[in-house]
Amino acid sequence: MRMAIISDIHSNLEALTAVVQVMDELKVDEVVCLGDVVGYGPDPNEAIAIVRERALVIIAGNHDFASVGLTDTTYFNTVAREAAEWTGKVLTEEHRRFLSDLDYVYRRGHLLFVHATPEAPEQWYYLETIGDARRNFAAFSERVCFVGHSHVPVVLALTKQGEISVVTDQKVALTPEGRYLINVGSVGQPRDGNPNACFGLLDSEQGTFQLVRVGYAIATTQEKIRAAGLPEYLAARLALGL
Ligand code: ZN
């Protein structure tokens with residue numbers, strides 16, 4: 001079975017559409033979304049409609065909850081807050097209800113899915129250091145935990161001996177004795193210096209995981225951001241992948 005794990009779409013319809021097309025080409029059986037369907041970008045309602053249609057499970061991201069007033073935005077930077085307020089105004093009533101009802105965590109067998117960290121899903125912490133990774137590996141019992149939130153894809157492995165390493169293989173062989181903490185990157189606002197949309201692909205038969213990058217019509221999304229009156233910075237950063 002092939003599962004696509006998508007995260008941080010951020011109302012970017014062009015990126016999402018391009019990713020959906022690639023998921024179809026790859027014959028993905030199932031899609032799980034790690035949240036932040038909205039925020040920053042110009043097409044929140046369109047993004048929600050597509051993700052709801054394609055994803056088996058969608059969990060909550062901080063921007064999803066921020067746009068419906070369910071999380072504190074005082075720690076948001078100005079552009080993030082401005083975009084969250086704009087999103088809150090344009091969301092349909094049905095989509096507002098839909099976002100409000102999302103859960104923080106999804107568990108299935110040896111897989112755990114959460115937007116920010118397994119340690120404290122409701123706190124929206126960032127996983128930045130090896131110390132953070134070590135604490136978070138101790139905070140879940142499943143073999144593999146998928147996260148989003150930072151928009152920077154990375155595969156961390158914990159060996160039986162307790163060593164943590166960054167796995168850079170194009171296709172990662174998930175060993176039965178290893179445990180993994182995997183950031184699947186961002187569909188709609190990558191921040192690892194690569195502007196292409198990013199998502200994760202888990203092949204449970206092969207026991208492999210890989211990150212997939214997809215080019216999309218960035219200029220179209222940028223024009224829509226400007227036309228919506230959202231901050232220019234949100235348009236500019238898409239081309240840089242930052
Ligand atoms: Zn995000």
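The values are calculated or read from the model by the stated rules, or taken from the named source; none is laboratory data. Being a predicted model, the structure only gives us computed values, none of them experimental. Note: ideal-geometry Cβ built from the backbone for every residue, glycine included; neighbour counts use all protein chains shown. Side chains are part of the model used for accessible areas, which takes the heavy atoms of the whole protein and leaves out ligands, DNA and RNA. Shrake-Rupley method; radii C 1.70, N 1.55, O 1.52, S 1.80 Å.
Per-structure values
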{"item": "Number of positions in the range 40-75 that are within 14 Å of the ligand (Cβ to nearest atom), at pLDDT 95 or above, more than 13 Å from R96 (Cα to Cα) and touching a Phe, Trp or Tyr at 6+ places or on another chain (Cβ under 6 Å)", "result": "2"}
{"item": "The one condition in (1) modelled with pLDDT of 95 or more; (2) surrounded by 16 or more Cβ atoms within 10 Å (Cβ to Cβ) that L127 fails to fulfil", "result": "(1)"}
{"item": "So V155, is it crowded, with 16+ Cβ neighbours inside 10 Å, within 26 Å of E142 (Cβ to Cβ) and modelled with pLDDT of 95 or more", "result": "yes"}
{"item": "Selection within the range 96-114 - touching a helix residue (DSSP H, G or I) at 6+ places or on another chain (Cβ under 7 Å) and either within 16 Å of the ligand (Cβ to nearest atom) or open to solvent by less than 20 Å² (accessible area, probe 1.4 Å) (or both)", "result": "L99, L102, Y104, V114"}
{"item": "Total residues in the range 70-81, condition open to solvent by 50 Å² or more (accessible area, probe 1.4 Å) and touching a helix residue (DSSP H, G or I) at 6+ places or on another chain (Cβ under 7 Å)", "result": "1"}
{"item": "Tally, over the range 15-69, of residues that are among the small types (G, A, S), surrounded by fewer than 22 Cβ atoms within 10 Å (Cβ to Cβ) and either in a loop (DSSP other than H, G, I, E, B) or within 13 Å of the chain's Cα centre (by Cα) (or both)", "result": "2"}
{"item": "Positions within the range 184-208 being touching a residue at least 60 places away in the same chain (Cβ under 8 Å) and touching a Phe, Trp or Tyr at 6+ places or on another chain (Cβ under 8 Å), in sequence order", "result": "V184, G185, V187, G188, Q189, A197, G200, L201, L202, D203"}
{"item": "Residue within the range 9-23 that is more than 14 Å from the ligand (Cβ to nearest atom), touching a Cys at 6+ places or on another chain (Cβ under 9 Å), within 23 Å of D203 (Cβ to Cβ) and at pLDDT 95 or above present", "result": "yes"}
{"item": "Residue within the range 180-190 that is modelled with pLDDT of 95 or more, open to solvent by 40 Å² or more (accessible area, probe 1.4 Å) and out of contact with any Asp or Glu (no Cβ under 7 Å at 6 or more places or on another chain) present", "result": "no"}
{"item": "Those residues of the range 3-27 which are on the phi < 0 side of the Ramachandran plot and out of contact with any helix residue (DSSP H, G or I) (no Cβ under 9 Å at 6 or more places or on another chain), in sequence order", "result": "M3, I5, S7, A18, V19, Q21, V22, D24, E25, L26"}
{"item": "Test result for V166, more than 30 Å from E82 (Cα to Cα) and β-branched (V, I, T)", "result": "yes"}
{"item": "Candidates V214, V154, filtered to the one that is in contact with a Cys (Cβ under 8 Å, 6 or more places away or on another chain) and either within 22 Å of A55 (Cα to Cα) or within 16 Å of the ligand (Cβ to nearest atom) (or both)", "result": "V214"}
